[in-house]
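Have a look at the structure below, then the notes.
The values are calculated or read from the model by the stated rules, or taken from the named source; none is laboratory data. Note that the coordinates shown come from a computational prediction; the quantities given were computed from them, not determined experimentally. For neighbour counting, all protein chains shown are included, and Cβ atoms are generated from backbone atoms with ideal geometry for every residue, glycine included. Quick note on the areas: whole protein, heavy atoms, side chains included, nothing else; ligands and nucleic acids left out. Shrake-Rupley method; radii C 1.70, N 1.55, O 1.52, S 1.80 Å.
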Protein chains: 2
Amino acid sequence: MDTIEPKLLKGFRDYLPEQMIPRQRMIDTIARVFERFGFAPIHTPALEYAEVLLGKLGEDAENLFYRFTDHGGRDICLRYDLTVPLARVAAQYRHLRMPFKRYQIAPVWRAEKPGKGRFREFYQCDVDIVGTDSLLADAECIAVDHAVLTALGIPDAVIRINNRKVLAGLLDALELGGDGAANAQDILRTIDKLPSHGEKTVRALLAEKNGLAPDRIDRVFEFIRIEGEPEAMIEQAEPLIGGSQAGADGLDELRQVIEFARHMGVPALELDFTIARGLDYYTGTVFETFLPQLPDLGSVMSGGRYDHLISGFLGRDVPAVGISVGIDRLFSGMESLGLVEQAKTPTRVLVAPMGPETVDAALRAAHRLRSADIPTEVYLKEARLGKQLKHADQQGIGLVVILGTEEVAAETATVKEMESGDQTEVPLAQLADHVRARLG
Amino acid sequence: MDTIEPKLLKGFRDYLPEQMIPRQRMIDTIARVFERFGFAPIHTPALEYAEVLLGKLGEDAENLFYRFTDHGGRDICLRYDLTVPLARVAAQYRHLRMPFKRYQIAPVWRAEKPGKGRFREFYQCDVDIVGTDSLLADAECIAVDHAVLTALGIPDAVIRINNRKVLAGLLDALELGGDGAANAQDILRTIDKLPSHGEKTVRALLAEKNGLAPDRIDRVFEFIRIEGEPEAMIEQAEPLIGGSQAGADGLDELRQVIEFARHMGVPALELDFTIARGLDYYTGTVFETFLPQLPDLGSVMSGGRYDHLISGFLGRDVPAVGISVGIDRLFSGMESLGLVEQAKTPTRVLVAPMGPETVDAALRAAHRLRSADIPTEVYLKEARLGKQLKHADQQGIGLVVILGTEEVAAETATVKEMESGDQTEVPLAQLADHVRARLG
């Protein structure tokens, strides 16, 4: 018989139970945190009109989209991110109550060259608050970031905050004159390379690529080298950039967001004037999250305020602020730190019948446990106890409920703890309570 | 400014919070039931090689796929279902422990003409047990069906079971002779139309389309009209089809599966000899689930045993049995029965600051509640109490925590119950406990 080779496309992956169980638990925990802050889930389709998803992106970006013509001749794409669909939703449904707080955890597709940790299908996990310019919303996103870290049991993570207006203030202070505005984004992009490329390269780029004179480059570095507690840093920055309206506004916003975030339970927030974030659309608060134990990992969660994104659909700005959890990177970081609890199966208890005459009793015992919401498996074929115990051992199932003819006659079951080997005979009526206590 | 019209492709839909919150709760409940039976989640990609997904389907089926050529010239498709990817997974990863119990809840895409209740993107929700021919697995799938209904609070649903071997036995008993085998599938497909088309039409089709003589048609109806308790029905069927090996095997399997299912807590299972299920790949047990209050809804969960599906990849049969929950149909059925708890937001508590001087205290109160895992929102702009209460009312938020200057000075908060209008002043240290008790 002609068979088809079972294989995956390059850049795509399966998650088998061992990978999927801890990952799904992480996602469930994150979703629960989002809901704790009042964010509601939404779903948008994987396929949309190319015109909607591509928006005003250039030709370069278009090559990263999975784009094709459907049976009806429509030019369509698989979504590239969750932010553009959010912008569409916010523009399309005029009855949505603002501020609109939504989260979405869903796959996106990018026709990029796959590489280490870079896939053509991956999950994005975004919360956003659309329709308010209140700095409370910025602080709330940072509080969500911190609460996600806490809920996942990640210690010592550092959230670094900055504000794009502060960087605009720096550019004002450099007195770049008439062509300054056009140049500003390029300078920010160069500054953003500092953590990865180092000071020497960035100095060279600022001179060669951005055309800054040596004294201006010194002033850039005088500014971005300010360190210390946030309040002290803001005080030091004021004489350097406070003469610019944007700079003064940016420093005020930083002061306010940091204070709000503290009241929302974010104890330590680091101010970092070098954070610009790569994307051009950020307009105010920007922040990133790092695990200091894993300096090469990069930011695991990041976000900021973007006030222009929805204008492509509405023709007017709508203020918005959001945060994106880098699920894959965060998960791999947690794995490196030993914070991921491995599991091959959700099953906590194996029910082991001893021969065909005790199968019915085994099924009834399993039903008792499942009715008590205890994940339970029945060994699905006839096998000696040794084989069934080996299965429990290999799958990491901690308890085995053994049903032999004696137990069935006595209306009991023998509960064996795999780790200690301890066995206890328990009346069936108490089986669920006993097992629950053993599972802790 | 040139704007892009925010619109969806035909046959696709967004789920906004009001639709998504109850739907997500339903999906979470179902996943929890699956895990209670030891099924593990897996993920497979949305995009796969066309060769893999299309398999040996004909040209007609190919038109239902979203199929295109990627940047690398590969012929690829969006998945059409979750069963073929499961077959691929089972064939591709030889280390998977059999029986392999997995579930997957994910969207699929079909380039069909959209219509009432028929979309081009929709969720499938499947559990399957691959790699065992034990009838315990068949019974377990039926127990999952019943447990899903119970967990969702759906009363009086009816699971109807049959076995394809019984139907094969019927065809044997009709002594169709040489060309019987080729004709058998067509006759089953005609019988499957009985609930929707009625006896008269089915009789006419059996005569005209399937070429059965009148006495044979009478025998078909004598058989499929058998009614009553399962055991009695099996007894009545035995003289009609028990002479055929397939028929005798089918009746034995039915008897056994029904008994196992009873021990697994499925009290009443209806035997229905007319259920054939449209798909040709079922080989043994077949079952469907109906809500008697909604006779036009159709089956909300269905499944059965299919032993040939994986052979396309492996070149040999692998036994498998599964169940598919029709999420959309089930949800719409639950809506009709008033079983869906509506919600516009996950928020249970609104924290309302009275002016800017109490905002910090409001943020701290919100942090207390969120730390106790109580979904809490802070009103994100300055507003009078009336406006904030109106928001809570419109969004269905049951409790409002009011923080005025007096409360802040006294380290208390006023908790207002929206429905009764009752207000209680509570010390901040007891706020979370008080709110939790009020929420019940």
Problem set entry | Cα-based shape type of region B:217-343, given that a ≥ b ≥ c are square roots of the gyration tensor eigenvalues and the cut on a/c is 1.5 | oblate
Exercise. Roughly how many debye, to the nearest 20, is the charge dipole of chain B about its Cα centre, given +1 on each Lys and Arg Cβ, -1 on each Asp and Glu Cβ, and no other charges?
Worked result: 1040 debye
For this session: Report the relative contact order of chain A, percent, no decimals, based on alpha-carbon pairs under 8 angstrom and at least 6 residues apart.
Result: 15 percent
Exercise. When ligands, DNA and RNA are left out and all protein chains stay put, how many square angstrom of accessible area per residue does region B:278-395 have with a 1.4 Å probe?
Worked result: 40 Å²
Exercise. Which is farthest toward the positive dipole end of region A:108-170 among A:Val158, A:Val148, A:Ser134, measuring Cα position about the Cα centre, with Cβ charges +1 (Lys, Arg) and -1 (Asp, Glu)?
Worked result: A:Val158
Exercise. Going through region B:250-355, which GluC sites (Glu not before Pro) have at most 11 other Cβ atoms within 10 Å and a DSSP loop state?
Worked result: B:Glu341
Problem set entry | Where trypsin sites (Lys or Arg not before Pro) fall in DSSP loop in region B:22-102, at most 16 other Cβ within 10 Å | B:Lys56, B:Arg74, B:Arg94, B:Arg97
For this session: Could you please put B:Glu238, A:Glu417 in sequence from largest to smallest accessible area, using a 1.4 Å probe?
Result: B:Glu238, A:Glu417
Exercise. Between chains B and A, what is the buried accessible area summed over both chains (1.4 Å probe, protein heavy atoms, nearest 100 Å²)?
Worked result: 8900 Å²
Problem set entry | Chain A, closest residue to the rotation axis toward B, by beta-carbon, whole angstrom | A:Phe68, 2
Exercise. What residues of region B:47-75 lose no less than 30 Å² of accessible area with every protein chain in place versus their chain by itself (probe 1.4 Å, heavy atoms only)?
Worked result: B:Leu47, B:Tyr49, B:Glu51, B:Lys56, B:Tyr66, B:Phe68, B:His71, B:Arg74
For this session: Go ahead and set up a Gaussian network model of chain B, Cα springs under 10 Å, then flag whichever of B:Gly284, B:Gly298, B:Gly211 fluctuates most.
Result: B:Gly211
Problem set entry | Rg [Å, one decimal], Dmax [Å, integer] - region B:349-439, C-alpha atoms | 11.5, 30
Exercise. Among B:Gln293, A:Leu188, B:Ser332, which residue has its Cα positioned farthest towards the positive end of the charge dipole of the protein assembly as shown, with +1 placed on the Cβ of Lys and Arg, -1 on the Cβ of Asp and Glu, and the dipole taken about the Cα centre?
Worked result: A:Leu188
Exercise. Using unit Cβ charges (K, R positive; D, E negative) and no other charged atoms, how large, in debye to the nearest 20, is the dipole of region B:133-175 about its Cα centre?
Worked result: 100 debye
Exercise. Using a label point 7 angstrom from Cα along Cα-to-C-beta, what distances in nm, from shortest up, separate A:Gln342 from the other copies?
Worked result: 4.9
Exercise. Using the Cα gyration tensor of region A:66-137, with a ≥ b ≥ c the square roots of its eigenvalues, what is the shape: rounded (a/c below 1.5), prolate (a/b larger than b/c) or oblate (neither)?
Worked result: oblate
Exercise. GNM on chain A, C-alpha springs below 10 Å: top fluctuator among A:Phe287, A:Phe313, A:Phe273?
Worked result: A:Phe313
For this session: Give the long-range amide H neighbours of A:Ala413: residues separated by 5 or more places, or on another chain, with amide H under 5 Å away, using H modelled in the peptide plane at 1.01 Å from N.
Result: A:Val426, A:Leu428
Exercise. Taking only the alpha carbons of region A:1-40, what extent do you get along each of the three principal axes, in Å, biggest first?
Worked result: 55, 19, 18
Exercise. For the protein assembly as shown, what does the alpha-carbon gyration tensor say about shape, rounded, prolate or oblate, given a ≥ b ≥ c as the root eigenvalues, a/c under 1.5 as rounded, and a/b over b/c as prolate?
Worked result: prolate
Problem set entry | Mean separation of Cα contacts under 8 Å, 6 or more apart, over the residue count of region A:296-415: relative contact order % | 22 percent
For this session: Could you size up the charge dipole of region A:88-245 around its Cα centre, putting +1 on the beta carbon of Lys and Arg and -1 on that of Asp and Glu, and report it in debye to the nearest 20?
Result: 1040 debye
Exercise. Straight-line reach from A:Lys116: which lysines have Cα under 27 Å away, leaving out those fewer than 8 places along the same chain?
Worked result: A:Lys7, A:Lys10, A:Lys193, A:Lys344
Problem set entry | Counting DSSP beta bridges with both ends in the protein assembly as shown, the antiparallel % (nearest 5) | 80 percent
Problem set entry | Furthest towards positive pole of dipole, A:Met354, A:Ala432, A:Tyr379, structure part region A:349-439, Cβ charges | A:Tyr379
For this session: Grab the DSSP H runs of chain B that are 4 residues or longer, score each as -39,500 (n - 2.57), total them, divide by all residues and round the 222 nm result to the nearest 500 deg cm²/dmol.
Result: -13000 deg cm²/dmol
For this session: Could you work out how far the C-alpha centroid of region B:222-278 sits from that of region B:26-46, in angstrom?
Result: 30 Å
Seminar exercise, completed: Taking the chain alone as reference and the full protein assembly as comparison, with a 1.4 Å probe on protein heavy atoms only, the residues of region B:253-271 that lose at least 50 Å² of accessible area are B:His263, B:Met264
For this session: Could you please state how large a percent of the accessible area of the protein assembly as shown is carbon and sulfur, counting protein chains only and using a 1.4 Å probe?
Result: 47 percent
Exercise. For chain A, modelled as a GNM with alpha-carbon contacts under 10 angstrom, which of A:Gly169, A:Gly115, A:Gly303 fluctuates the most?
Worked result: A:Gly115
